[in-house]
Ligand code: FNR
Ligand code: LAC
């Protein structure tokens, strides 16, 4: 990998918390790329709401708990991870850094956590699989043509992906006004590497060229029967991403989902959607421990991770923070960001009085 330009290295070194990577990335990214990553739908109420929900919880910590060497290890789908944080699927990562998805996956692999590859990636399923050996999950947008979806799943199986993450909160792309203002489109020189021969037709609708691309490759009429169809045709566990209700959670599990991600797509889809953290208890209660429940949306601090786990999550995903770290420092940037988060989680567990993740429970929280 070519050495990062000096301004990128300095920016990464100066980051003391996840939010610092955002300001550093903003300085090196084109405005329209930064807006695409940072933005949300319409009034961006859900984007802000995801953060506000975390701030409403406070810890009722335990003392004299001898939690000086907390164990952050956790297991999902029989796989052991070094901490309960994984990388969420996000589109076209070469927008952030020339090595894109390969660089982010290498960082996840080195950190001992899972990497989720988006259907809309800028390196192919096979290229990413060849970049590292850690646990990789494939995020699926179901295509209007089932044959295309079948081919994606077959390629993911052949390339050693351990799970399919089916995203269900994007029948159509949300209205992202920053992107409309910027007439945002795929940057010059990048492509949807898994969809090479499938450029959108002129009829694809959407307010900006990027949304048109996405809409041309997703099925707006997706239903429960499509989930059942997918489960029946894939040998991998299917994780459903984008659930915010207990009844939908139960239905997904009944349809064969082996895991769920409580998510509102980082506030990029339905605006005024409930904050992920606020949706979590209902989903956890409905699922009753049958499958692991993950959460994403607004996780920026070690304490956020602990709050989600206290409320019953088996782990969390992060999206934007690692794209910013990727922009400022490639693989090293993402590694550095993950180590920062790991240190925050460990210190907060010591101060909270929790020796392992299994000791985290709702009893340690209060909400106002
Ligand atoms: C996303 N997200 C997303 N989700 C998905 O299932 N497939 C995708 O291709 C994308 N693409 C994407 C691009 C960008 C730039 C962002 C910021 C997000 C949603 C993502 O997986 C996750 O749900 C949110 O990013 C979580 O919120 P935070 O951590 O960004 O607040
Ligand atoms: C996004 C889509 C591609 O959120 O998932 O931008």
**OP:** Using the structure shown, decide if residue 155 is assigned to a helix (DSSP H, G or I) and within 13 Å of ligand 2 (Cβ to nearest atom).
**Re:** no
Subject >> Evaluation of residue 231 against (1) out of contact with any helix residue (DSSP H, G or I) (no Cβ under 7 Å at 6 or more places or on another chain); (2) in a loop (DSSP other than H, G, I, E, B); (3) modelled with pLDDT of 95 or more (one fails), failing number >> reply: (2)
Original post:
Before we move on, is residue 346 assigned to a helix (DSSP H, G or I), closer than 21 Å to residue 112 by Cβ and within 13 Å of ligand 1 (Cβ to nearest atom)?
Top reply: no
Original post:
Do you know which residues across segment 84-108 are within 25 Å of residue 262 (Cβ to Cβ), away from ligand 2 (no atom under 15 Å from the Cβ) and assigned to a loop (DSSP other than H, G, I, E, B)?
Top reply: 84
Original post:
Which residues, counting only those in segment 70-83, are in contact (Cβ under 8 Å) with a residue 60 or more places away in the chain and either more than 30 Å from residue 134 (Cα to Cα) or in a loop (DSSP other than H, G, I, E, B) (or both)?
Top reply: 70, 72, 73, 77, 82, 83
Original post:
Only one residue in 317, 338 is outside any helix (DSSP H, G or I) and within 16 Å of the chain's Cα centre (by Cα), so which one is that?
Top reply: 317
Original post:
Among 114, 110, 102, which is the only one that is within 15 Å of ligand 1 (Cβ to nearest atom) and either within 17 Å of the chain's Cα centre (by Cα) or touching a residue at least 60 places away in the same chain (Cβ under 8 Å) (or both)?
Top reply: 114
Original post:
How many of the residues making up segment 250-276 are in a helix (DSSP H, G or I), farther than 21 Å from residue 114 by Cβ and either within 12 Å of ligand 1 (Cβ to nearest atom) or in contact (Cβ under 8 Å) with a residue 40 or more places away in the chain (or both)?
Top reply: 1
Original post:
Among the residues of segment 205-218 satisfying the criterion of being within 14 Å of ligand 2 (Cβ to nearest atom) and in a loop (DSSP other than H, G, I, E, B), which is surrounded by the fewest Cβ atoms within 10 Å (Cβ to Cβ)?
Top reply: 207
Subject >> Residues located in segment 133-154, provided they are within 22 Å of residue 261 (Cβ to Cβ) and either free of Cβ contacts under 8 Å to residues at least 60 places away in the same chain or within 14 Å of ligand 1 (Cβ to nearest atom) (or both) >> reply: 134, 135, 136, 137, 138, 139, 140, 141, 142, 143, 152
Original post:
Do we have any residue at all in segment 81-100 that's over 23 Å from residue 327 (Cβ atoms), buried (at least 19 other Cβ atoms within 10 Å of the Cβ) and modelled with pLDDT of 95 or more?
Top reply: yes
Original post:
Does segment 169-185 include one or more residues that are within 15 Å of ligand 2 (Cβ to nearest atom), in contact with a strand residue (DSSP E or B) (Cβ under 7 Å, 6 or more places away or on another chain) and in a strand (DSSP E or B)?
Top reply: no
Subject >> Subset of segment 134-152 that is in contact with a helix residue (DSSP H, G or I) (Cβ under 6 Å, 6 or more places away or on another chain) and assigned to a loop (DSSP other than H, G, I, E, B) - its residue that is nearest to residue 105 (Cα to Cα) >> reply: 134
Original post:
So how many residues does segment 59-76 have that are within 20 Å of residue 316 (Cβ to Cβ), surrounded by fewer than 16 Cβ atoms within 10 Å (Cβ to Cβ) and either more than 29 Å from the chain's Cα centre (by Cα) or at pLDDT below 95 (or both)?
Top reply: 0
Original post:
In this structure, does residue 161 turn out to be within 13 Å of ligand 1 (Cβ to nearest atom) and buried (at least 22 other Cβ atoms within 10 Å of the Cβ)?
Top reply: no
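The values are calculated or read from the model by the stated rules, or taken from the named source; none is laboratory data. Remember, it's a predicted structure, so these values are computed and weren't measured experimentally. Neighbour counts are summed over all protein chains in view; Cβ atoms, including those assigned to glycine, are modelled from backbone coordinates with ideal geometry.
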